[in-house]
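Below you'll find the structure, written out as structure tokens, and then a few comments.
The values are calculated or read from the model by the stated rules, or taken from the named source; none is laboratory data. Quick caveat: nothing in here was measured; it's all calculated off a predicted structure. Heads up, the Cβs are rebuilt from the backbone with ideal geometry, glycines too, and the neighbour counts pull from every protein chain shown. When the accessible area is computed, the model is the full protein with side chains, heavy atoms only, and any ligands, DNA or RNA have been set aside. Shrake-Rupley method; radii C 1.70, N 1.55, O 1.52, S 1.80 Å.
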Amino acid sequence: MFSARRGARFPSRSAIAPFDPAASAGLSRRRLLSLSAGAGVAVLASACGAGGDSSDSGSSKTLTLACEGGGKIELQPIVDKFRQQTGTTVTLVELPYDGLFNRLTSELAGAKASFDICAIDAVWIPLFAGKLAPLDDLFTPAVQADLFPALVKEPQVGGHFIGMPVWTNAEVLLYRTDLFGDAKEKAAFKAKYGYELTPPATWEQFTDVAQFFTRPDKKLYGTDVKGKVETEWLAHVLQAGSPGVVLDDTGAVIVDNAQHLAALTFYADLQNKYKVSPAGAAQIDWSAAQNLFNQGSTAMTRFWAHAYRQIPADAAVAGKVGVAPMIGGSAGVAGIPGPWYLSVPQSSTRQDLARQFIQFCYDNNALSLDTSLGLAARKSAYQQYADKKGFEAFGPLLKTLDASATRSRPAHPKWQQIVDSALIPMLQKAVAPGADYAALLKSARTQIEGIIK
């Protein structure tokens with residue numbers, strides 16, 4: 001989202017390298033729907049084609065919106081209502097994650113895109129911002145007050161809002177209520193640690209509980225350690241009080257500061273020192289961690305909040321799962337949001353109608369909560385559902401997203417290259433026995449400085 005020598009919190013458009021091929025290497029593989037059991041995979045497999053034309057030919061009451069599977073799921077009820085109320089047909093052009101990225105890269109670089117609106121993953125904003133139209137008038141004070149702070153800061157580029165958040169997510173703590181509520185377990189825990197067994201709120205409590213429930217002979221572990229993804233460790237970096245993750249607001253590399261080291265020590269020690277995660281942490285990703293928890297192999301998992309409603313009915317933990325906010329460090333609770341935005345290409349000939357639809361999406365954001373993915377962007381939408389049965393994850397999600405230490409990932413066009421080339425390999429080495437955490441972070445700093453120079 002910003003160059004290495006960025007002077008302001010939000011970069012000027014000239015500071016952005018919109019289509020750096022190196023930044024696309026690997027992409028983020030953050031396809032949240034692919035994490036869910038069945039629903040997301042089915043949707044991704046049923047792409048509705050790659051057509052669409054934003055030319056002036058045809059009806060003026062039509063729009064084409066390019067999106068990924070999650071966007072289609074979230075937007076369909078809003079699209080249906082928009083057509084009923086305005087007579088405007090919005091065609092959702094669904095593409096796989098990598099396919100959407102490639103299409104946006106190709107068409108936004110050209111003179112005219114075949115779509116009027118596009119769904120943008122947060123990590124793509126620095127790459128495409130220079131080709132997207134401002135949406136400043138949609139971000140009234142009332143709108144900004146109903147969005148989480150990170151979702152107001154992230155889509156601002158060069159003093160303009162270039163995307164309206166359509167949904168967001170963050171990690172929360174999922175735990176097994178059958179274990180935490182068992183009278184014998186509660187008594188044994190209090191006898192050993194001197195305090196009540198409850199969903200942990202701090203790193204220390206989390207470590208105690210994870211050790212307590214780790215019973216390899218019964219194929220049960222306290223938690224998982226995800227060596228193959230970076231987001232969870234970065235959340236712990238924010239909890240430790242770092243002013244940012246990996247890069248600070250000026251673009252300087254801070255991956256080896258004291259807070260990053262404290263977070264890495266806590267995170268990797270769960271595997272190396274306390275051995276509370278199954279073996280092979282270097283290869284555990286979101287899918288593996290979700291499977292471990294659903295199968296009853298872990299007592300706790302830090303995971304994206306949407307997964308709570310997507311636990312299969314035949315899972316070992318079905319009906320036995322509670323939710324709490326993300327763990328808190330010295331800076332308190334913090335998470336890394338995972339939002340998507342709706343944006344309008346500068347080349348679109350139907351910008352007014354596209355902006356009308358985006359405003360309609362904001363006004364009707366709560367409709368997305370009844371979908372199989374069930375995520376929104378507005379605080380009021382989540383608050384509306386937080387007390388309803390089946391939506392118990394929303395209270396903890398609200399607290400995590402609204403926490404003062406919660407921040408977006410760095411606004412840098414080479415962020416994904418940093419993740420794939422430096423952060424994940426570093427984490428995989430960190431969860432191996434005998435790892436020198438400080439040395440790994442220093443090495444990562446050197447590598448990241450080489451990427452962004």
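What ranking of Tyr382, Tyr195 comes out by heavy-atom accessible area, probe 1.4 Å, highest first?
On the way: Tyr382 0, Tyr195 70 Å².
Largest accessible area first, the list is Tyr195, Tyr382.
The Cα atoms of region 88-136 give a gyration tensor whose axes a ≥ b ≥ c have a/c under 1.5, which makes the shape rounded.
Of the whole protein surface, Glu196 contributes about 90 Å² of accessible area at a 1.4 Å probe radius.
Computed with a 1.4 Å probe on the full set of protein chains, the accessible area for Ser443 sits at about 70 Å².
Distance between the C-alpha centers of region 293-313 and region 316-338? Whole Å please. Using only Cα atoms to place each centre, the spacing works out to 11 Å. Computed over the chain, the per-residue total of -39500 (n - 2.57) for DSSP H runs of n ≥ 4 gives a 222 nm mean residue ellipticity of -10500 deg cm²/dmol, rounded to 500.
Across Leu127, Leu367, the residue with the most accessible area heads the list, and the full order at a 1.4 Å probe is Leu367, Leu127.
In the chain, a dipole from Cβ-located charges (positive for Lys and Arg, negative for Asp and Glu) runs towards its positive end, and of Val229, Gly70, Leu92 it is Val229 whose Cα lies farthest in that direction. Sorting the segments 159-165, 428-434 by their residues' average number of neighbouring beta-carbon atoms within 10 angstrom, most packed first, yields 159-165, 428-434.
Here the peptides 110-123, 316-329 are ranked by packing, the mean other Cβ count within 10 Å, and the order with the highest first is 110-123, 316-329. Give me the percent of Cα-Cα pairs in the chain that sit more than 29 Å apart, rounded to a whole number. Result: 46 percent of Cα pairs exceed 29 Å.
In whole percent, what relative contact order does the chain give with Cα contacts below 8 Å and a gap of six or more residues?
Numbers: 883 pairs, mean separation 119.5, N = 453.
It rounds to 26 percent for the chain.
Summing +1 for each Lys or Arg and -1 for each Asp or Glu among the other residues whose beta-carbon sits under 11 angstrom from that of Phe212 gives +2. With the cut-off at 1.5 for a/c, could you classify region 360-416 from its C-alpha gyration tensor as rounded, prolate or oblate? The shape class here is prolate. Shown are Ser347, Ser330, whose ranking by accessible area with a 1.4 Å probe and every protein chain present, most to least, is Ser330, Ser347.
Can you check what the net charge comes to around Met300, using other residues whose Cβ is under 10 Å from the Cβ of Met300 (Lys, Arg +1; Asp, Glu -1)? Its environment carries a net charge of +1.
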